[in-house]
Amino acid sequence: MARPGRPRMRRHPSWFLSAVLLAAPLGPVRGPAGAPSSVVEIDRAAANLHHKAETTSPGSAEARQLSQEFAELGHTCLEQGENGRAVELLEDAYGWDAGNGVALAELTLAHVRLENFVAARFYLSLAQDRTAAAPSDIYRTLGEAYEGLNRLDDAVDAWESFFRAGGDDPATLKRLARARAEMSLTPGQRVLEKDVFTLFYDIEIPHETVERAAAGLEDAYQREKTFFRTELGSPQPVILYAGRAYFALSSVPDWASGVFDGKIRVSVEPEMPLRSELSGVLAHELAHALIRKNSNDRAPGWLHEGLAQWLEGRRIQRSEFRRLLGGGRHTDQLPALEARFRRASEVASARAHYAEALGLVEYLVAERGEGAVSCLIDDLAAGASLDDSLRKEAQMSEVQFVSRFKTWAGL
């Protein structure tokens, strides 16, 4: 939502980014033709492999073959976004053959996607020891893992090795070009490591500004983890850019000062000298990280943006909703609001969409309390639909929720 008179402080929804790093596909499945695709098929295939393991001797040729089969099944899960299941199968692959570099590389990537960065670095160190004569696929996967850890120079080296080893994948070529472009925009980037956050920042940004950012993040984290009743599993990457060069590269609208794509990215500009403004942007993007984690990436866009604004401390007086959302600028159905978010590129339209998203969250908190919103997120993570979650936690359907919000807001 636009702040009156301060259009450059608008937030930018995560789906505007052209590449969401932690959700990016690896490319064609490398397993055999007819690889299992459904959950039932994967469960059956995994059971067969574990049954086969009962009669397999460690260190044998059969063990290495079994490792390969576990790795192929784990890769299938990774392709389908079943990262937790992928970890289990890839760890089986590593257990049967400690020299399986593909399994180690993909374990690294799976943990990056789960934001378990400590485990990712552990498996990365093992994988690095086994890449001297690696198949090209290892380098491709390592490049994606390095990118997720914001080690762009290592990602570029890995992807270049992928192509030198005979790899041929247009998607990887695009990632390589993008990483090179980002590196050219952020020369000499420095690092500040904290317990919960790892901050990467351009050399033009004063160290005292970075320390303020870290302190603001920690304050926001203490509040938000209480709301969600959970913690980040490992350090969250945060990137502070001097200016908007990276945002222009990513086609981020000029009204957005922060984005979240698995990493918190914030543009620090001369007109953002106040600690409160920088802290607000960081708190907003941190909320996206926690919403994504707690909802198992199933929260709709309006809930992401509304709750992120609410958690950064933004509020709208009820008397203001008619001015902000009158004249047909509001929606009658949540899917329509979601679609409008995706198309928003102008400050005026973005202001209305963000105001409506915040208003929906404010109404839900006013009617049912903070706990209902937190439980709604938990229900979504468990696989419930939004309508079912609203019925359970707020005793109203989606249609009733929107209708009652409009009455509450004077629309």
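With a requirement of 2 or more residues that are surrounded by fewer than 18 Cβ atoms within 10 Å (Cβ to Cβ) and without any contact (Cβ under 8 Å) to a residue 40 or more places away in the chain, the helices (runs of 4 or more DSSP H) lying completely within the stretch 40-121 that satisfy it span 61-79, 83-96. Screening A409 on (1) surrounded by 15 or more Cβ atoms within 10 Å (Cβ to Cβ); (2) of a type in the set (G, A, S); (3) under 18 Å from A308 (Cα atoms); (4) over 24 Å from the mean Cα position of the chain (by Cα) shows it passes everything except condition (3). Residue count for the stretch 377-406 satisfying the condition of being over 26 Å from R322 (Cβ atoms), in a helix (DSSP H, G or I) and more than 21 Å from the chain's Cα centre (by Cα): 6. When the stretch 225-272 is filtered for residues that are of a type in the set (A, V, I, L, M, F, W, C) and without any contact (Cβ under 8 Å) to a residue 12 or more places away in the chain, only A248 remains. Taken over the stretch 149-201, the criterion of being closer than 18 Å to A120 by Cα, of a type in the set (K, R) and modelled with pLDDT of 85 or more is satisfied by K194 alone. For the stretch 176-203, how many residues meet the condition of being among the aromatic types (F, W, Y) and farther than 16 Å from R265 by Cα? Selection size over the stretch 176-203: 0.
When the residues of the stretch 308-344 are narrowed to those that are assigned to a loop (DSSP other than H, G, I, E, B) and closer than 24 Å to E277 by Cα, which ends up modelled with the lowest pLDDT? Step by step, filter the stretch 308-344, then rank; the result is A344. Against the conditions (1) in contact with a Phe, Trp or Tyr (Cβ under 7 Å, 6 or more places away or on another chain); (2) at positive phi; (3) of a type in the set (D, E), D202 satisfies every one except (2).
The values are calculated or read from the model by the stated rules, or taken from the named source; none is laboratory data. Quick caveat, the model's predicted, so the values are computed rather than measured. Cβ coordinates were reconstructed from backbone atoms using ideal geometry, including for glycine residues, and neighbour counts include every protein chain displayed.
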